[in-house]
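Contents: one structure, followed by commentary.
Quick note: the coordinates plus some simple rules give every number you see, no bench work behind them. The structure presented is a predicted model; accordingly, all values stated were derived computationally and were not measured. Heads up, the Cβs are rebuilt from the backbone with ideal geometry, glycines too, and the neighbour counts pull from every protein chain shown.
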Amino acid sequence: MASKLSSLSRRRVIKTAGAVAVGGGAAALLGGGRLAAQGGAPAIATNAQGGRKYKAFVKSGPLLPEVVELTARPLTGNKCVVRMEAAQTCYTSVDQVLINGTPTNGPSLVGHGGVGIVEAVGPQAMSVRVGDRVILNLHAACGKCHNCLRMRSDKCNGPTDFPNEPFATMSDGRPVAGSRTGAMAEIAITYEDYLTPLFTDVSSAEISMLTCVGGAGLGMAMTNIPVEAGSDVVVFGGGPVGLSAVMGAKVKGASRIICVEPIQYRRDLALKLGATDVVDPNQYKERTAVAQAGFGGPGTDLFRDALVERLREMTKPRTDRRYAGGGRIGPDHILEAVGGDRIKPKSHPQGPDPTGVTVLQQCWELGSAIGSIVTCSVGQPADAVVRIPAAQWADGAKHHWPGTGGGTNDRRDSNRYCRMMETGQINMKALATRTFPLNRTREAYQVCADREVPATIVAPNT
Ligand SMILES: [Zn+2]
Ligand SMILES: [Zn+2]
């Protein structure tokens, strides 16, 4: 599948884009958004996309989503039309897709992110052009808000100011709005703030792994608290996020990368992608509360935990002579990518705690006195609590850096991640091994939910 997508030549892509950018012609293809708008390119100035019919995987009310026909509304502002080539089925959407009863406010597209070709741009779009291959990211990156200006585009404030106007209409006349990253569709219509132009020959299927999962894993290892060369790293979770974190840690030069994962084939894959060791957490489930608390480390933990003890043992430095550079207890870096289970896998074991809360507690306990802990998981119960002794919280020196984007700034990092794929430094092909057409999107999510492969891809236009 990857080869099929990668064989789609840029020339053909541009030709295809030209065919549907009604009336756009060469001005729209070559001029790009702002220039074309100033020149009055018909596709842009006359909103020629309005009325266009297309298929999309839509969730409506409490019903399971299904592929339906939508009618596009005229393009406004900086919205763009992207012909989708590949979109990954993030595990965090499986309850929305497979379990009745998850309501939506109105008809809504499923998915968060993918890769495609820009076919039309609204009159205010500046950074993307018709014909561009773009990644549609999970997070907007407006580049202007408080958080974006401080390198936290994963927490971009911009979307709250974007007008939540419908971009399409259901056959029964209901408007479709709010699904800015819905990519399980023949075309995605979204604000340019979610789009990053790509300049690479890597296949769209591989790049689509960067949306949400891959970007989060690489970001945890490489961006805000980057893994240091020669360090010991523990990665909790061997799904697409954790495996990407393993690859990122390897790129950064970690000497020891231990992946903790309950599923055998994922542990095997982790070893192929850069882990030096793997651990099955179900082999170390003993865990009891103890009364004592202090600054962390053995003797002051809130829990006596077999997994934490095992990982401390594995990351024990060659010396504990404190005046000879020794004294570290626990790894230098911890990268967490577990989260709460939505659906129990059919034929693979769950981890010791399907809520995903225990592992967060273990991250804190395992972290060395000055170590870093980066977490990015979601799906824990809303009332769950992680306990941190007050003295550690107030006066300890463990760093904790959370966030679902893992620190990745999509516009800054997407093309450098692609470069790392070009050079073989990371291998997203190993994660994206099964591809489905749009009309089998639900099956793609089921395979994802069952953990049969690390990740599945939907190719909406095949
Ligand atoms: Zn996701
Ligand atoms: Zn922003």
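Can you return the aspartates and glutamates within cross-link range of K155? Criterion is Cα-Cα under 17 Å, with same-chain partners fewer than 8 residues away left out.
E192, D193, D410, D413
Could you sort the peptides 411-423, 74-86, 113-125, 204-216 by per-residue average Cβ neighbour count (10 Å cutoff), highest mean leading?
In descending order of packing, they fall as 204-216, 113-125, 74-86, 411-423.
Once amide H atoms are built 1.01 Å from N in the peptide plane, which residues 5 or more positions from W401, or in another chain, come under 5 Å H to H?
I373, V374, T375
Pop out the ³J(HN,Hα) list for the range 182-197 in order, Karplus 6.51 cos²θ - 1.76 cosθ + 1.60 with θ = phi - 60°, rounded to Hz; leave Gly and Pro as x.
3J(HN,Hα) across the range 182-197, in whole Hz: x, 10, 7, 7, 4, 10, 10, 10, 8, 6, 4, 4, 8, 10, 10, x.
Neighbouring Cβ atoms within 10 Å as the yardstick, rank K398, K429 fewest first.
If I rank by nearby Cβ atoms, fewest first, I get K429, K398.
For R322 and V386 in one chain, what is 0.36 nm times their gap in residues minus the Cα-Cα distance, to one decimal in nm?
Length gained between R322 and V386: 20.0 nm.
Under the rule of at least 5 residues apart or a separate chain, name every residue whose amide H is placed under 5 Å from the amide H of V58.
E66, V67, V68
Through the Karplus equation 6.51 cos²θ - 1.76 cosθ + 1.60, θ set to phi - 60°, convert the phi angles of the range 233-243 into ³J(HN,Hα) values in whole Hz; use x for Gly and Pro.
10, 10, 10, 8, x, x, x, x, 6, x, 5
Angle between the Cα long axis of helix 10-20 and the longest principal axis of the chain, 0 to 90 degrees, nearest 10?
Relative to the chain, helix 10-20 is tipped by roughly 50 degrees.
Taking R0 as 30 Å, what FRET efficiency do you get between S255 and M151 from their Cβ-Cβ distance, rounded to the nearest 0.05?
Between S255 and M151 the formula returns 0.60.
In the neighborhood of G114, defined by Cβ-to-Cβ distances under 15 Å, what is the net charge if each Lys or Arg adds +1 and each Asp or Glu adds -1?
That works out to -2.
What is the distance, in nm, between label points placed 7 Å from the Cα along the Cα-to-Cβ direction at E422 and at N439?
Using points 7 Å along Cα→Cβ, the separation is 3.8 nm.
Using θ = phi - 60° and the Karplus relation 6.51 cos²θ - 1.76 cosθ + 1.60, list the HN-Hα couplings for the range 415-431 in order, rounded to whole Hz, with x at every Gly or Pro.
Rounded to whole hertz, the list is 6, 6, 5, 4, 4, 5, 6, 4, 8, x, 5, 10, 10, 7, 4, 5, 8.
Among all lysine pairs in the range 220-402 that are eight or more places apart or on different chains, how many have alpha carbons less than 23 angstrom apart?
Count of close lysine pairs: 10.
E69 to Q124: FRET efficiency via 1/(1 + (r/R0)^6), r the Cβ-Cβ distance, R0 25 Å, to the nearest 0.05?
0.35
Tilt of helix 264-273 relative to the longest C-alpha principal axis of the chain, in degrees (0 to 90, nearest 10)?
80
Please work out how much length the chain gains when fully extended from A369 to Y265, using 0.36 nm per residue of separation minus the C-alpha to C-alpha distance, in nm with one decimal.
The span from A369 to Y265 would gain 34.1 nm if fully extended.
Under 5 Å between amide H atoms, partner at least 5 residues away or on a different chain: which partners does V235 have, H built in plane at 1.01 Å?
Counting only residues 5 or more places away or on other chains, the set is I258, C259, V260, L335.
How far apart, in nm, are the 7 Å Cα→Cβ label points at E309 and S171?
Distance between the two pseudo-spin positions: 6.3 nm.
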